[in-house]
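*Asks:* Take this structure first; my questions come after.
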Amino acid sequence: MKTFTTIVCLLIPFPGPRRRLRTWLKCKFPPRPKKSALHILRRYVRKRNVILWFDHSLGGGTETYSLRQFNELKNSGFAIIRIQYFPWCNMYGLSAPNHSKIVKYMVPTLAEVQAAVGDMRVIKIVVNNLVGYPKSTEVLDYVAALKAAFNAFVSFRAHDFQSICPSFNLINCDGEFCNFTYPRGCEECWRNKRLGDCDRANEILRSGAESVAKWRQDWGRFFSETVDEIIVFSKIIGEMFARIYPQLANKTVLVPHFVPTLRKAVVSPHDGINIACLGNMLPVKGRDVIIEMCRHIPDYENVNITIIGDMEASDCIPANLTVLGQYDRDNLPAIIERYKIDIIFIPSIWPETFSYTTAEAMSMNLPVVCYNMGAPAERVGAYRRGLVLREINPQRNLQEIITFVRHLKKEN
């Protein structure tokens with residue numbers, strides 16, 4: 001209609017009548033209002049069964065998992081509504097990841113989220129990750145209400161340990177893996193626990209938790225009364241959850257992540273020992289372990305450590321550490337061959353629930369070493385070219401890795 005109005009008006013040579021005609025046409029044929037994001041979402045779910053997908057908005061491996069799941073469900077006939085909380089703007093977002101258009105409906109409160117999805121035909125609810133929500137346990141109550149209203153199936157995904165402790169990687173206030181205990185008790189640890197120096201980051205960590213005891217009480221009720229299944233990505237993680245919540249033992253389903261295989265890396269013979277770490281080295285990923293190891297490298301002849309990825313706090317990078325920066329996963333075997341890497345070190349100081357980098361290293365048939373915790377240890381311990389370190393001691397660990405690589409080289 002806009003184009004028609006413009007053409008007609010151009011045919012009239014005088015500006016006065018032209019303006020009057022344009023006004024008349026706008027009144028007679030008003031422009032069609034743009035459809036709101038909520039309207040588009042409602043049309044998308046009309047007469048379709050809906051899967052609600054509760055997620056965080058912090059990226060990382062959880063984001064990769066979600067996108068892969070959405071792609072697998074694209075032709076399932078279900079409508080997917082993804083619900084996320086965005087801490088940096090204090091808003092909730094509803095989106096349809098499999099919709100042909102990119103559409104996101106933003107609201108400031110969980111009550112408005114409830115209003116938006118209240119009349120949808122919900123058949124399944126996936127609680128993928130709630131890290132960063134202002135009050136995660138309020139979401140649990142909302143999911144319980146939806147389950148009762150729609151008789152929906154509820155699936156929980158164990159990407160981390162937030163449901164056991166708001167410190168979602170089980171790193172205590174002293175910066176160490178707690179293994180569910182602390183000398184002065186969990187409540188003392190929680191009072192002193194911080195995610196960093198940023199107040200906003202610590203708000204994300206707390207997720208509205210007042211105490212660890214109350215937190216576990218709320219999650220325990222959710223697991224007992226609401227959850228139908230918990231999907232874990234390694235057997236040992238399922239066992240860890242069952243230690244705290246025994247009621248999950250009969251609800252646990254093991255579904256390892258899908259990791260596309262890489263070609264085998266063929267490293268040419270060479271002198272010396274080259275150790276590499278994959279991914280971005282954050283504190284929980286073992287950054288400080290690597291820095292400490294570099295202090296002891298001069299004790300050995302021709303030993304090198306390379307980070308295939310980035311490293312947080314670049315001003316602390318030792319001069320004898322090589323940091324390659326971001327890489328294309330498909331080029332990983334070529335990078336391994338170029339730098340003649342002998343072994344991949346997974347230095348995470350928390351029990352990762354899967355570890356893509358461990359799977360990638362093993363798929364390239366490389367020797368792998370990690371600490372005795374979480375999913376990496378489960379797989380590396382059963383791997384013929386794997387070494388599991390019993391304690392975090394960078395100086396001793398470096399010696400153990402060197403001895404292991406030398407032994408492998410003699411075998412070859």
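The values are calculated or read from the model by the stated rules, or taken from the named source; none is laboratory data. In this text the structure is predicted, and so the values were computed from the model without any measurement. Ideal geometry is used to build each Cβ from the backbone, glycine not excepted, and the neighbour counts take in all protein chains shown. Please note that ligands, DNA and RNA were not included when accessible areas were found on the heavy atoms of the full protein model with its side chains. Shrake-Rupley method; radii C 1.70, N 1.55, O 1.52, S 1.80 Å.
*Asks:* Can you find, within segment 54-80, the residue that is surrounded by the most Cβ atoms within 10 Å (Cβ to Cβ) among those that are of a type in the set (G, A, S) and assigned to a helix (DSSP H, G or I)?
*Replies:* S66
*Asks:* Can you go through Y339, Y383, Y356 and tell me which one is in contact with a Gly (Cβ under 7 Å, 6 or more places away or on another chain) and among the aromatic types (F, W, Y)?
*Replies:* From the options Y339, Y383, Y356, the qualifying one is Y356.
*Asks:* Which members of segment 173-231 meet the condition of being among the hydrophobic types (A, V, I, L, M, F, W, C), touching a strand residue (DSSP E or B) at 6+ places or on another chain (Cβ under 7 Å) and closer than 26 Å to F54 by Cα?
*Replies:* V227, I230, I231 - these are the residues of segment 173-231 that are among the hydrophobic types (A, V, I, L, M, F, W, C), touching a strand residue (DSSP E or B) at 6+ places or on another chain (Cβ under 7 Å) and closer than 26 Å to F54 by Cα.
*Asks:* Among all residue pairs at least 6 apart or on different chains, which show Cβ distances below 6 Å where the first residue, located in segment 193-221, is among the acidic types (D, E) and the second is open to solvent by less than 90 Å² (accessible area, probe 1.4 Å)?
*Replies:* D218/T137
*Asks:* Among the listed residues A213, A209, identify the single one that is modelled with pLDDT under 95 and either surrounded by fewer than 17 Cβ atoms within 10 Å (Cβ to Cβ) or within 24 Å of the chain's Cα centre (by Cα) (or both).
*Replies:* The unique qualifying residue is A209.
*Asks:* Looking only at segment 285-329, how many residues end up being in contact with a Pro (Cβ under 9 Å, 6 or more places away or on another chain) and part of a helix (DSSP H, G or I)?
*Replies:* So the answer is 13.
*Asks:* Just one of the numbered conditions (1) part of a helix (DSSP H, G or I); (2) open to solvent by less than 10 Å² (accessible area, probe 1.4 Å); (3) in contact with a helix residue (DSSP H, G or I) (Cβ under 6 Å, 6 or more places away or on another chain); (4) not aromatic (F, W, Y) is not true of P351; which one?
*Replies:* Result: P351 fails condition (1) only.
*Asks:* May I pose another question? Consider only pairs whose beta carbons are under 8 Å apart and that are at least six residues apart or on different chains; among these, list those whose first residue lies in segment 139-151 and is in contact (Cβ under 8 Å) with a residue 12 or more places away in the chain and whose second residue is buried (at least 19 other Cβ atoms within 10 Å of the Cβ) and of a type in the set (G, A, S).
*Replies:* Taking only residues 6 or more apart or on different chains, the pairs are L146/A152.
*Asks:* Only residues that are of a type outside the set (V, I, T), open to solvent by 30 Å² or more (accessible area, probe 1.4 Å) and in a helix (DSSP H, G or I): list them for segment 40-53, please.
*Replies:* Once the filter is applied, which keeps residues that are of a type outside the set (V, I, T), open to solvent by 30 Å² or more (accessible area, probe 1.4 Å) and in a helix (DSSP H, G or I), segment 40-53 yields R42, R43.
*Asks:* May I pose another question? Looking at segment 244-260, I want the residues that are at negative phi and have a partner that is among the acidic types (D, E) and not in a helix (DSSP H, G or I) with Cβ atoms under 7 Å, at least 6 apart or on another chain. Which pairs are those?
*Replies:* Pairs found: K251/D228; K251/E229; V253/E229.
*Asks:* Taking the options I317, I275, I291, name whichever one is of a type in the set (A, V, I, L, M, F, W, C), farther than 30 Å from R68 by Cα and touching a Cys at 6+ places or on another chain (Cβ under 8 Å).
*Replies:* Just a single option satisfies the conditions, and that option is I291.
*Asks:* I've got another one for you. Being out of contact with any Leu (no Cβ under 8 Å at 6 or more places or on another chain) and outside any loop (DSSP other than H, G, I, E, B) is the filter; apply it to segment 170-188 and report the residue that is surrounded by the fewest Cβ atoms within 10 Å (Cβ to Cβ).
*Replies:* The qualifying residue surrounded by the fewest Cβ atoms within 10 Å (Cβ to Cβ) is E187.
*Asks:* Go through the residues of segment 339-362 one by one and say whether even a single one is touching a strand residue (DSSP E or B) at 6+ places or on another chain (Cβ under 9 Å), among the basic types (K, R) and within 12 Å of A276 (Cβ to Cβ).
*Replies:* So far as segment 339-362 goes, yes, one or more of its residues are touching a strand residue (DSSP E or B) at 6+ places or on another chain (Cβ under 9 Å), among the basic types (K, R) and within 12 Å of A276 (Cβ to Cβ).
*Asks:* Name the single residue, out of those in segment 81-117 being assigned to a loop (DSSP other than H, G, I, E, B) and open to solvent by less than 10 Å² (accessible area, probe 1.4 Å), that is nearest to T64 (Cα to Cα).
*Replies:* Among them, the one singled out is A96.
*Asks:* Residues in segment 328-345: is at least one within 20 Å of the chain's Cα centre (by Cα) and without any contact (Cβ under 8 Å) to a residue 24 or more places away in the chain?
*Replies:* Checked segment 328-345: at least one residue is within 20 Å of the chain's Cα centre (by Cα) and without any contact (Cβ under 8 Å) to a residue 24 or more places away in the chain.
*Asks:* Is one or more of the residues making up segment 373-393 open to solvent by less than 30 Å² (accessible area, probe 1.4 Å) and in contact with a Leu (Cβ under 6 Å, 6 or more places away or on another chain)?
*Replies:* Scanning segment 373-393 turns up no residue that is open to solvent by less than 30 Å² (accessible area, probe 1.4 Å) and in contact with a Leu (Cβ under 6 Å, 6 or more places away or on another chain).
*Asks:* In segment 233-242, is there at least one residue being open to solvent by 50 Å² or more (accessible area, probe 1.4 Å), in contact (Cβ under 8 Å) with a residue 60 or more places away in the chain, among the charged types (D, E, K, R) and over 24 Å from I125 (Cα atoms)?
*Replies:* Looking for residues that are open to solvent by 50 Å² or more (accessible area, probe 1.4 Å), in contact (Cβ under 8 Å) with a residue 60 or more places away in the chain, among the charged types (D, E, K, R) and over 24 Å from I125 (Cα atoms), one finds none in segment 233-242, hence no.
*Asks:* Considering (1) under 25 Å from G60 (Cβ atoms); (2) assigned to a loop (DSSP other than H, G, I, E, B), say which one M362 fails and leave the rest.
*Replies:* Condition not satisfied by M362: (2).
*Asks:* Next up: Within segment 269-283, is there a residue that is open to solvent by less than 40 Å² (accessible area, probe 1.4 Å), small (G, A, S) and in a helix (DSSP H, G or I)?
*Replies:* Within segment 269-283, not a single residue is open to solvent by less than 40 Å² (accessible area, probe 1.4 Å), small (G, A, S) and in a helix (DSSP H, G or I).
*Asks:* Please go through segment 118-130 and pick out each residue that is farther than 18 Å from R42 by Cβ and open to solvent by 10 Å² or more (accessible area, probe 1.4 Å).
*Replies:* The answer is K124, and nothing else.
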